[in-house]
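Input: a single structure, listed below in structure tokens.
The values are calculated or read from the model by the stated rules, or taken from the named source; none is laboratory data. Because the structure is predicted, anything quoted here is derived from the model rather than measured. We place every Cβ from the backbone using ideal geometry, glycine too, and count neighbours over all the protein chains shown. When the accessible area is computed, the model is the full protein with side chains, heavy atoms only, and any ligands, DNA or RNA have been set aside. Shrake-Rupley method; radii C 1.70, N 1.55, O 1.52, S 1.80 Å.
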Amino acid sequence: MVTEIKKITLESLLEAKEILFSSGVIGMPTETVYGLAAIGTDSEAVKKIFEIKGRPSDNPLIAHVHKDYDLEKLIYIDQEYAYKLIEKFMPGPLTLVFRSKGIVCKEATCGGDTLAIRMPSHKGAQELLKAVDMPIVAPSANLSKHTSPVTAEHVYADLNGKIPLILDGGKCTGGIESTVLDVTSSHPRILRAGLVTKEMIEEVVGYCEIAEHKEGDKVKSPGVKYKHYRPKCETLLFKENEIKEIKKAYQEEVVSGGKPYIMCSSVFAKNFEGFNLLQLGLSGEEIASNLYDKLLEGEKVATLIIGVEMPSEDGVFMGIMNRLRKSCG
Ligand code: TXA
Ligand code: MG
């Protein structure tokens, strides 16, 4: 199969729609990461997503809808506070988990009785969703375990030959996946940290729990138990107070003929003049938006990426640290 990358135009949207309505799968942009899209009520198409990615069959998909879509066609809103979150954060990088009405097929929800829903704010994503006017299920458009794609070219690198079309909506501005929030019980629970932070949620609803995932627990959000986001080269992870250890690991890699890169914030990078660097930027938002891009840039040139943790886990840094530990830890 030939994989084409096309800018979003009326013509390419029409083509995307035709592919989706004949049980095909395509790459699509969102403001967080690129998605691998199929119509959520089409079992045959949804099965293809799992095959193409090599995704474990017990890890459910997020259903994406346009901003005027009536969510209650797909799910039950059991908690009053959920309306406030919808009002405040949708469209945007927040995914809410509700009790499903079973319209989205069981292949997408992995037989579970809940459905995760998100309204991406990306303009091109909205245009596609509006044109289709159906829930589109879409995991990140990478091969399972690999780093999530934030450009159409990243999707192409993983899925060339496996899908007919990638809609190119430019580089994702968010850079890490949406926050996944369970809103089925009396208070919300963060299942996956992301750009909508605990602090932001608490400002709207008062209290928000963070789901702890301990070994042996029955996992509420299956995705969190798998290896994720890993670049193709070797990786290490250090804390910012381990400058000596970072330099030692770097030198050892050089001595053994390898090419190490240090991936860290632009402030911390000042400790490493003359070293190969993957600089992530200054603010949390900037660092999030560069993280996967730098990992994917790094894997092309480095034999070893030495990741450096962030000094804080507040706000958006919680989501960043979660990805750093999984990609480099
Ligand atoms: O930003 C994003 O969320 C991107 C873009 C493409 O929208 N999508 C994405 O999908 O990250 P994926 O499949 O890579 O991650 C979805 C996460 C997984 O951790 C999965 O276990 C969880 O959401 N999830 C999906 N449905 C769920 C459900 N019904 N209950 C609990 N967790 C669910
Ligand atoms: Mg993913």
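Below are the figures for this structure:
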item	result
Any pair with Cβ under 9 angstrom, 6 or more apart, that starts in segment 23-36 at a residue that is near ligand 2 (Cβ under 10 Å from one of its atoms) and ends at one that is of a type in the set (F, W, Y)	V33/Y292
S57 vs. criteria open to solvent by 40 Å² or more (accessible area, probe 1.4 Å), among the polar types (S, T, N, Q) and within 16 Å of ligand 2 (Cβ to nearest atom)	yes
Check on T109, surrounded by 23 or more Cβ atoms within 10 Å (Cβ to Cβ) and either hydroxyl-bearing (S, T, Y) or away from ligand 1 (no atom under 13 Å from the Cβ) (or both)	no
Scope segment 165-188; condition open to solvent by 10 Å² or more (accessible area, probe 1.4 Å), within 10 Å of ligand 1 (Cβ to nearest atom) and outside any loop (DSSP other than H, G, I, E, B); matching residues	V180
Selected residue (only one of G281, G257 is over 19 Å from the mean Cα position of the chain (by Cα), at positive phi and surrounded by 14 or more Cβ atoms within 10 Å (Cβ to Cβ))	G281
K101 being touching a helix residue (DSSP H, G or I) at 6+ places or on another chain (Cβ under 7 Å), more than 16 Å from ligand 2 (Cβ to nearest atom) and open to solvent by 20 Å² or more (accessible area, probe 1.4 Å)	no
Single residue of K130, K162, K123 found to be away from ligand 1 (no atom under 11 Å from the Cβ), open to solvent by 30 Å² or more (accessible area, probe 1.4 Å) and closer than 21 Å to G194 by Cα	K123
